[in-house]
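The structure appears right after this line, and notes come after that.
Please treat every number below as a calculation from the coordinates, not as lab data. No experiment lies behind these values; they were computed from the predicted model shown. Neighbour counts are summed over all protein chains in view; Cβ atoms, including those assigned to glycine, are modelled from backbone coordinates with ideal geometry.
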There are 2 protein chains.
Amino acid sequence: MSALKEVTLDNTKQCVSSEDFKQGMSALPGTVNIVTTGSEQNKAGFTATAVCSVSDNPPTLLVCLNRGASVYKAFENAKSLVINTLDAGQDNLSNIFGGKAVMPERFTQGTWGTLVTGAPVLEESAVSFDCNIVEMKSVATHDVIICEVVGIKQKEQAGALVYYQRAYHHLG
Amino acid sequence: MSALKEVTLDNTKQCVSSEDFKQGMSALPGTVNIVTTGSEQNKAGFTATAVCSVSDNPPTLLVCLNRGASVYKAFENAKSLVINTLDAGQDNLSNIFGGKAVMPERFTQGTWGTLVTGAPVLEESAVSFDCNIVEMKSVATHDVIICEVVGIKQKEQAGALVYYQRAYHHLG
């Protein structure tokens with residue numbers, strides 16, 4: 001009953017292109033976050049679904065950032081960042097931080113404060129993780145940024161914004 | 001309008017315990033996957049939401065695994081693994097691979113085959129990523145396993161299983 005056999009389904013790929021991979025990834029719901037760094041004069045941020053829990057001791061998250069992204073320079077030598085997890089219905093915030101708007105324009109949406117590190121915290125987020133950057137590890141086209149959580153702001157009641165099958169979905 | 005100020009919301013933590021972190025993470029929907037390795041005689045697998053896209057060139061994913069988990073030994077020296085993303089309604093598969101059942105018992109649920117690497121592929125998954133392990137990086141209590149995708153099996157029509165607010169949710 002549990003023997004392994006060759007998969008004979010039609011829809012398999014044994015040579016995986018970038019497009020095949022993106023098509024595969026579209027089947028994985030991704031929670032939408034705005035990742036920010038900097039302070040009042042040089043704040044920067046981008047929309048990311050590539051955020052992942054690593055450990056609860058010490059509380060550790062990671063986020064992946066394309067080294068070719070225009071926002072990369074702002075993170076390259078940063079000491080801290082905030083992962084702001086969006087609430088249901090915050091599609092507009094996701095769009096502006098995932099689009100071409102210049103940094104000051106992005107931060108005209110939402111209410112922004114600070115918590116521990118001084119990096120921008122979105123007051124309307126479902127939850128925000130204020131982090132010290134522990135390490136940046138280069139993997140293929142991206143840096144995997146490993147972060148220790150030093151402050152949390154969480155709404156008492158919130159939903160979630162999920163990107164799935166190339167569209168937004170609201171949970172909660 | 002975009003000035004940063006100290007966040008004055010009630011629900012903030014400036015000293016983050018493991019429990020605070022878990023409470024924060026419960027607000028992030030996590031897609032449920034079964035991560036497998038080995039071949040017929042020594043197959044092993046566990047349930048994971050800590051899976052994340054890294055790059056599409058080459059197609060690269062990562063998964064985090066607790067070094068204290070009983071399944072860790074099976075992955076420690078593995079050359080390949082499969083990330084099997086569950087379809088809506090596959091709560092039972094998630095539960096058995098996330099519970100205490102011994103490995104052979106886990107694989108009595110579902111239909112298992114192989115694709116490129118020989119590691120176990122779940123035929124009923126929404127999508128399965130067959131991967132070569134590129135690197136394992138130790139971070140706090142966990143290893144971050146970096147994987148290059150060499151085969152994909154994808155259902156034509158599938159939903160997704162999401163863990164959120166400490167419960168299962170079905171998408172699609």
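Table for the structure above
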| quantity | calculated |
| --- | --- |
| Disulfide-incompatible cysteines by the Cβ rule (no partner under 4.7 Å) in chain A | A:C15, A:C64 |
| Share of pairwise Cα separations in the protein assembly as shown, more than 32 Å, in percent | 27 |
| Mean separation of Cα contacts under 8 Å, 6 or more apart, over the residue count of chain B: relative contact order % | 26 |
| Under Karplus coefficients 6.51, -1.76 and 1.60, residue-wise ³J(HN,Hα) of the range A:133-150 in Hz, glycine/proline x | 7, 8, 6, 10, 10, 6, 9, 6, 7, 10, 9, 8, 9, 9, 10, 9, 7, 10 |
| 5 angstrom amide H check on B:V134, placed H, neighbours 5+ away | B:I146, B:C147, B:E148 |
| Student exercise, the range B:31-171 dipole from Lys, Arg, Asp, Glu Cβ charges, in Debye to nearest 20 | 400 |
| Integer Hz, Karplus 6.51/-1.76/1.60 couplings in order for the range A:46-56, x for Gly and Pro | 8, 8, 9, 9, 7, 10, 8, 6, 10, 8, 9 |
| Dimensions (Å) - the range A:31-171, Cα atoms, principal axes, largest first | 34, 33, 32 |
| Inter-copy separations for A:S70, label at 7 Å along Cα-Cβ, nm, ascending | 5.3 |
| Compactness relative to 2.2 N^0.38 Å, alpha carbon Rg of the range A:70-127 | 1.13 |
| Amide H contacts of B:G159 (H built 1.01 Å from N, under 5 Å, at least 5 apart or other chain) | B:A88 |
| Unsatisfied cross-links (Cα-Cα over 21 Å) in the set B:K43/B:K79; B:K43/B:K100; A:K13/B:K155 | none |
| Principal axis dimensions, the range A:120-166 - Cα atoms, whole angstrom, descending | 37, 33, 14 |
| A:A126 long-range amide H proximity, modeled H, under 5 Å | A:T85, A:L86, A:D87 |
| Karplus-derived 3J(HN,Hα), 6.51/-1.76/1.60, for each residue of the range A:69-84, Hz, glycine and proline x | 6, 4, 7, 4, 4, 5, 9, 4, 10, 6, 9, 8, 7, 10, 9, 9 |
